[in-house]
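Down below is the structure, laid out as structure tokens.
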Amino acid sequence: MPDEADEIVGSLGRELVSHLAPEELPLYPSLLSQFQGAKGGRRRKASSDDEFLGFGAAEIVTMLTPVILTFTNCFWQALMAEAAASSAHGVLGYVRSHLPGHHEAGRGPRQLTPDQLQLVRTVAEREARRLDISGKRAGLLADAMVGVLAAPAVS
């Protein structure tokens, strides 16, 4: 399951970055790798060479991608917990089927109901606020997550 979660977080994160910070897409694979390494306890200490090249901690803090990856990971974990306690199983199946290469040939994934989209927005906004993202920005990030999940699936 951790590999599936990493894949989902990576895919959702890429979609959010492409909408909210497209200029960061060329660095996305590297930032995702660093995020997954840090999450798994495999974080390496930044060297002075990294800082010389402009990739030290100060520059990464100003980027949106690490915030989006943290938010997306928290969102996915919260949605999984919500699914275990409620009827959000349809949302989980939709998100999985929405990812590239995960829906049956000839059939796209089913669409989320308005209630499921509201659940996605509620969970996303709650997790953004839990990460100390301001109310207005938390709402924008939640709306972006709903937009990504309501968009047609990528083949």
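Observations on the model:
- Of all residues in segment 89-123, those being closer than 22 Å to residue 71 by Cβ, modelled with pLDDT of 80 or more and of a type in the set (D, E, K, R) number 1.
- Conditions (1) within 27 Å of residue 36 (Cα to Cα); (2) open to solvent by less than 60 Å² (accessible area, probe 1.4 Å); (3) of a type in the set (Ser, Thr, Tyr); (4) modelled with pLDDT under 85: number failed by residue 70: (4)
- Checked against the criterion of being at pLDDT 85 or above and more than 22 Å from residue 83 (Cβ to Cβ), segment 145-152 contains not a single residue that satisfies it.
- Qualifying residue in segment 39-58 (condition: modelled with pLDDT of 70 or more and either out of contact with any Cys (no Cβ under 9 Å at 6 or more places or on another chain) or over 27 Å from residue 134 (Cα atoms) (or both)): yes
The values are calculated or read from the model by the stated rules, or taken from the named source; none is laboratory data. Source: prediction; values computed, not measured. Positions of Cβ are backbone-derived with ideal geometry, glycine not excepted, and every protein chain shown enters the neighbour counts. Just the protein is used for accessible areas: all its heavy atoms, side chains included, with ligands, DNA and RNA removed. Shrake-Rupley method; radii C 1.70, N 1.55, O 1.52, S 1.80 Å.
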